[in-house]
Amino acid sequence: MVTLLTSYGLLAQRATTDDDKQDGKAARRPKIVHAYLGHSGLNGGQVTKRTFDSLLKQGLTARDSAGNLLQVDGFTFSYAERNLYEDSVGKLMILTDFFSEYCPGDTVSRGVSMNIYHKTKPGDTAYFDNIRVHLPTGGQTGTKGMKFVLIK
């Protein structure tokens, strides 16, 4: 009888220990980090040229699932510009000019900012990939990339 009570007491202690471990795992679960264009809630989709240009000047922001602002350390900015070309016999064709550049920090590089705003037009697509965010714990994490299609 004493052995039965002792083993029941040990099982009860083990169950409590397992629950405590699960609670600890939930508390240590990493927060999800999302990047946004400018100081908005936009992280992809269709956007007007005017809105895109104004938000691009603000740079990228990042927030975790608790709403805390985090510092963006860098990203790759790519731009697909649709243009109309004519071949040697006069046939018109739409082709896409594509360029990509790594931008340290949270804003596009000076070279990009000097040229991009007069190029943006409806039908173009902007990509933000490899977005690196500085964590409060001292590390870095990546976020999901963003894709914006410019419209009128």
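Where a number appears in this text, it was derived from the coordinates with a stated rule and is not lab data. Since the structure is predicted, the reported quantities are computational estimates derived from the model, not experimental observations. Don't worry about glycine lacking a Cβ; one is built from the backbone with ideal geometry, like all the others, and counts go over all protein chains shown.
When peptides 50-61, 117-128 are ranked by their average number of other Cβ atoms within 10 Å per residue, the highest-first order is 50-61, 117-128.
The Rg/Rh ratio of the stretch 46-152, with both radii computed over alpha carbons and Rh defined as the Kirkwood radius, is 1.07.
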